[in-house]
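To start, the structure under review is shown below, and the notes come after it.
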Amino acid sequence: MKQILSLVCIALVFTLPTPAQAAKGKFYAVPGRTGVTVPVWLIAPSQATDIVVLFSGGEGKLVITAKGIKHQANFLVRTRQMFADKGMIVAIPDKPSDKADLFGFRTTRAHAIDMSAVMQFLRRRYPGKPLWLVGTSRGTISVANVAAHIHGKAGPDGIVLTSSLTRGGVRNYDSLRDINLAAITVPTLVVHNRKDECRFTPFSDAEALPGLLTAVKVKAFKVFDGGRSPGEACQARSYHGYLGIEAPVVDSIVDWIKSH
């Protein structure tokens, strides 16, 4: 009998689903502006407490299809399962169907309208759950733009800005300086790596960012100081992308979201 029970226990260990198996991602084409769709990758674990919409940096072209996400190097994209495993419903939007990429588009009202549609889609599916926007690098422009344009029950419950892009690039690309930061009112967490070597995301600018959020009553600045940086300073495999310290950064973000 003991041997049979032992075999049953072993069988249960090997058949119980892992968090990754329990919360597989799924593709959705969410209607945005008239005639436009926004590809979204959605991971919905059971008993989730909050919704996080993760905005990648760079050109914002992830190539999300029913087959999955083609470009996964970005900090928030590669840690999506970490967020899900900690009880977050995870949504990752791609560039809209009428754009080649997000360069020059992240600061527009049209982008905010598309993302408002994505938020409505998520709230219809998961009513009552707080919804947060989390961006990294150039993705912080998208997050700040949406929070500055969409307020009240239609807007996010809070935002997180990581590796905030505060200075325009060599091609005069946009940055957080092009957003009306004073229009943001929701709780805001700013996260930055002190070792970030990207010239467009200096630590001194991130340190000053909470002070520019003049209408935000609940805000915090979380500093990390570590990781590895074998790649280019402004790319994902670097201090800028929290390489090697993904777990504590995600833990910190999720803990702050759950406590607010």
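Can you find a residue in the range 240-250 that is assigned to a helix (DSSP H, G or I), farther than 15 Å from residue 193 by Cβ and of a type in the set (A, V, I, L, M, F, W, C)?
In the first step, residues of the range 240-250 are kept if they are assigned to a helix (DSSP H, G or I); the result is 240-241, 246-250.
Add one more test, that the residue is farther than 15 Å from residue 193 by Cβ, and what stays is none.
No, the conditions are met nowhere in the range 240-250.
Assess whether residue 31 counts as being open to solvent by 60 Å² or more (accessible area, probe 1.4 Å), in contact with a helix residue (DSSP H, G or I) (Cβ under 9 Å, 6 or more places away or on another chain) and either among the β-branched types (Val, Ile, Thr) or modelled with pLDDT of 95 or more (or both). Steps first, please.
Values: open to solvent by 60 Å² or more (accessible area, probe 1.4 Å): yes; in contact with a helix residue (DSSP H, G or I) (Cβ under 9 Å, 6 or more places away or on another chain): yes; either among the β-branched types (Val, Ile, Thr) or modelled with pLDDT of 95 or more (or both): yes.
For residue 31, the condition - open to solvent by 60 Å² or more (accessible area, probe 1.4 Å), in contact with a helix residue (DSSP H, G or I) (Cβ under 9 Å, 6 or more places away or on another chain) and either among the β-branched types (Val, Ile, Thr) or modelled with pLDDT of 95 or more (or both) - is met.
Output the number of residues of the range 197-251 satisfying the condition of being surrounded by fewer than 18 Cβ atoms within 10 Å (Cβ to Cβ) and among the small types (Gly, Ala, Ser).
Residues flagged as surrounded by fewer than 18 Cβ atoms within 10 Å (Cβ to Cβ) and among the small types (Gly, Ala, Ser) within the range 197-251 amount to 10.
Give the residue, chosen from 167, 124, that is within 28 Å of residue 73 (Cβ to Cβ) and charged (D, E, K, R).
Details: 124 fails: within 28 Å of residue 73 (Cβ to Cβ).
Exactly one of 167, 124 is within 28 Å of residue 73 (Cβ to Cβ) and charged (D, E, K, R), namely 167.
How about the range 187-237: which of its residues are of a type in the set (Ser, Thr, Tyr) and in a strand (DSSP E or B)? Before you say what the answer is, go through the steps one by one.
Looking only at the range 187-237, we keep the residues that are of a type in the set (Ser, Thr, Tyr), and these are 188, 201, 204, 214, 229.
Passing the criteria: only 188.
Sort out which residues of the range 37-54 are in a loop (DSSP other than H, G, I, E, B) and either out of contact with any helix residue (DSSP H, G or I) (no Cβ under 7 Å at 6 or more places or on another chain) or open to solvent by 40 Å² or more (accessible area, probe 1.4 Å) (or both), and write them in order of number.
Our first condition is that a residue be in a loop (DSSP other than H, G, I, E, B); within the range 37-54, this holds for 44-49.
Matches in the range 37-54: 44, 46, 47, 48, 49.
Considering only the range 4-22, I want to know if a residue exists there that is modelled with pLDDT of 50 or more and over 18 Å from the mean Cα position of the chain (by Cα). So that I can check it myself, show each step before the final result.
Our first condition is that a residue be modelled with pLDDT of 50 or more; within the range 4-22, this holds for none.
Checked against the condition, which is being modelled with pLDDT of 50 or more and over 18 Å from the mean Cα position of the chain (by Cα), the range 4-22 yields no hits at all.
Which residue pairs have Cβ atoms closer than 6 Å, lie 6 or more positions apart in sequence or on different chains, and pair a first residue in the range 230-251 that is without any contact (Cβ under 8 Å) to a residue 60 or more places away in the chain with a second residue that is hydroxyl-bearing (Ser, Thr, Tyr) and surrounded by 15 or more Cβ atoms within 10 Å (Cβ to Cβ)?
Note: pairs meeting the criteria are 231/238; 238/229; 239/229.
The values are calculated or read from the model by the stated rules, or taken from the named source; none is laboratory data. Owing to the predicted nature of the structure, the values given are computational and were not obtained by experimental measurement. Counting neighbours? That spans all protein chains shown, and the Cβs are built from the backbone with ideal geometry, glycine included. What goes into the accessible areas is simple: the full protein's heavy atoms, side chains included, and nothing from ligands, DNA or RNA. Shrake-Rupley method; radii C 1.70, N 1.55, O 1.52, S 1.80 Å.
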